[in-house]
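The values are calculated or read from the model by the stated rules, or taken from the named source; none is laboratory data. These numbers were taken from a predicted model, which means no experiment stands behind them. Here the Cβ positions follow ideal geometry from the backbone for every residue, glycine too, while neighbour counts run over all protein chains shown.
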Amino acid sequence: MTDSDLYLFYHGLLLPKIVHTEDSLKYFEWFQVQDDDVIAVTYPKSGTTWMQEILPLLLNGGDFTPVLTIPNWDRVPWLEESRTAQVIDKLSAPRAFVSHMHYHLMPSSFFSSKAKVIYVTRNPKDVLVSSFHFHQMASFLHDPGNFEEFADKFLAGNVFFGKWTDHVKSWRNTDLGDRILYITYEEMIQDLHGVLERISFFLGKHLNKDTLKHVTEHCEFKTMTQNKMSNYTLVPQTVMDAQKSPFLRKGIVGDWRNHFSSVLESKFNAAIFEELKGTDITFPWDE
Ligand code: A3P
């Protein structure tokens, strides 16, 4: 299949047609964000599914019913995807969403609302690795080719939702003040309990010690891989082939070391550093 069979272009970004249509993007543009909405924003493969597990638990006082009974894509829907219109009426306040959209493309109601944002970043080398395996298992994305070829596409932004650096720069440079909380995938791996405490505080939700401990255990990688509502095994194999690579694949920091040659590492670092020049953006690059 060619790229034009698989993707549509939206403000210069490639979006997979399977979940993004002209209509869903119009719906997104006119979406009425509410003041008590919470939106987890990520570049793809940075921890979106993880946030779809965490947010309902923290927002509902540790009630496990939603995460054990509703698939993640309906429980915490994407603002920009076609299914959202079908499930929106079933969401109770405070609503939680995820989005991969760049900051300046958010719906206008978002900017005038008081909705809170949690922006999750992940080491781009691990994002690339995760995305490479995802492209191998997802039939709605292009064949990634070999790892070096895919790295070139990633650096050029010829992948879904465009360049990683553009995404990060757009969300690191907002007027949102204390409406936005920045966390990293690496912090969550290192101290999930501590990050959940920070998120709870940011959301103004107090969970008692025992509840927070249970929520933390439930959101650990091993537990999440067993949750059918979150591990994408409900998706037909023709769409996502877990035999090629499970969606919840390794859930670790530093898998890039198993994929990058030293030549690619230098090239990748140089390209990313060049694009981040003049910003104060830093990440735990070498973990
Ligand atoms: P890997 O492919 O490196 O394993 P997204 O949800 O944004 O598409 O990101 C998917 C990545 O987040 C995958 O990375 C997946 O395993 C990881 N992930 C999801 N839940 C996780 C968890 N509870 N702990 C650690 N990693 C998790």
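The set of residues from region 270-282 being in contact (Cβ under 8 Å) with a residue 24 or more places away in the chain and among the charged types (D, E, K, R) comprises just one member, Glu275.
Yes or no, residue by residue, for (1) crowded, with 17+ Cβ neighbours inside 10 Å; (2) under 19 Å from the mean Cα position of the chain (by Cα); (3) within 10 Å of the ligand (Cβ to nearest atom); (4) modelled with pLDDT under 95:
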{"residue": "His206", "(1), (2), (3), (4)": "no, no, no, yes"}
{"residue": "Glu217", "(1), (2), (3), (4)": "no, no, no, no"}
{"residue": "Asn231", "(1), (2), (3), (4)": "yes, yes, yes, no"}
{"residue": "Pro236", "(1), (2), (3), (4)": "no, no, no, no"}
{"residue": "Met240", "(1), (2), (3), (4)": "yes, yes, no, no"}
{"residue": "Gln243", "(1), (2), (3), (4)": "no, no, no, no"}
{"residue": "Lys250", "(1), (2), (3), (4)": "no, yes, yes, no"}
{"residue": "Ser261", "(1), (2), (3), (4)": "no, no, no, no"}
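Every condition in (1) closer than 24 Å to Phe161 by Cα; (2) more than 16 Å from the ligand (Cβ to nearest atom) holds for Asp89 except the one numbered (1).
Residues are listed down the side, and each one gets a yes or a no for (1) under 25 Å from Asp74 (Cα atoms); (2) away from the ligand (no atom under 15 Å from the Cβ); (3) without any contact (Cβ under 8 Å) to a residue 40 or more places away in the chain; (4) not small (Gly, Ala, Ser):
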residue	(1), (2), (3), (4)
Val195	yes, no, yes, yes
Asn227	yes, no, no, yes
Arg257	no, no, yes, yes
Glu265	no, yes, no, yes
Phe268	no, yes, no, yes
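Of the candidates Gln190, Gln136, the single residue that is touching a Pro at 6+ places or on another chain (Cβ under 7 Å), surrounded by fewer than 18 Cβ atoms within 10 Å (Cβ to Cβ) and not acidic (Asp, Glu) is Gln136.
Of all residues being crowded, with 21+ Cβ neighbours inside 10 Å and of a type outside the set (Gly, Ala, Ser) in region 86-109, which is farthest from Val195 (Cα to Cα)? Just the residue, please.
Initially, region 86-109 is screened for residues crowded, with 21+ Cβ neighbours inside 10 Å, giving 96-103, 106.
Applying the additional criterion that residues be of a type outside the set (Gly, Ala, Ser) yields 97-98, 100-103, 106.
Working: Phe97: 19, Val98: 18, His100: 21, Met101: 23, His102: 24, Tyr103: 23, Met106: 26 Å.
Across region 86-109, the extreme among qualifying residues is Met106.
When Gly47 is tested against (1) buried (at least 20 other Cβ atoms within 10 Å of the Cβ); (2) more than 23 Å from Thr233 (Cα to Cα), just one condition goes unmet, and that condition is (2). Residue check: Asn60 meets all listed conditions (1) within 16 Å of the ligand (Cβ to nearest atom); (2) without any contact (Cβ under 8 Å) to a residue 60 or more places away in the chain; (3) of a type outside the set (D, E, K, R) but one, namely (1). Within region 110-122, the residues that satisfy the criterion of being in contact with a strand residue (DSSP E or B) (Cβ under 7 Å, 6 or more places away or on another chain) and either exposed (fewer than 14 other Cβ atoms within 10 Å of the Cβ) or of a type outside the set (Phe, Trp, Tyr) (or both) are Ala115, Lys116, Val117, Ile118, Val120, Thr121, Arg122. Name the single residue, out of those in region 15-34 being within 16 Å of the ligand (Cβ to nearest atom) and at pLDDT 95 or above, that is surrounded by the most Cβ atoms within 10 Å (Cβ to Cβ). Only one residue tops the list, namely Leu15.
Evaluate the following for Phe9: is it part of a loop (DSSP other than H, G, I, E, B), aromatic (Phe, Trp, Tyr) and out of contact with any helix residue (DSSP H, G or I) (no Cβ under 6 Å at 6 or more places or on another chain)? It is false that Phe9 is part of a loop (DSSP other than H, G, I, E, B), aromatic (Phe, Trp, Tyr) and out of contact with any helix residue (DSSP H, G or I) (no Cβ under 6 Å at 6 or more places or on another chain). Here region 146-175 is the region considered, the condition is being of a type in the set (A, V, I, L, M) and crowded, with 17+ Cβ neighbours inside 10 Å, and the residue that is farthest from Ser99 (Cα to Cα) is Ala151. Listed conditions (1) in a loop (DSSP other than H, G, I, E, B); (2) within 18 Å of Phe161 (Cα to Cα) are all met by Gln32, apart from (2).
When you check Asp37 against the structure, is it more than 16 Å from the ligand (Cβ to nearest atom), surrounded by 15 or more Cβ atoms within 10 Å (Cβ to Cβ) and of a type in the set (Asp, Glu), yes or no? Judged against the criteria, Asp37 is a match.
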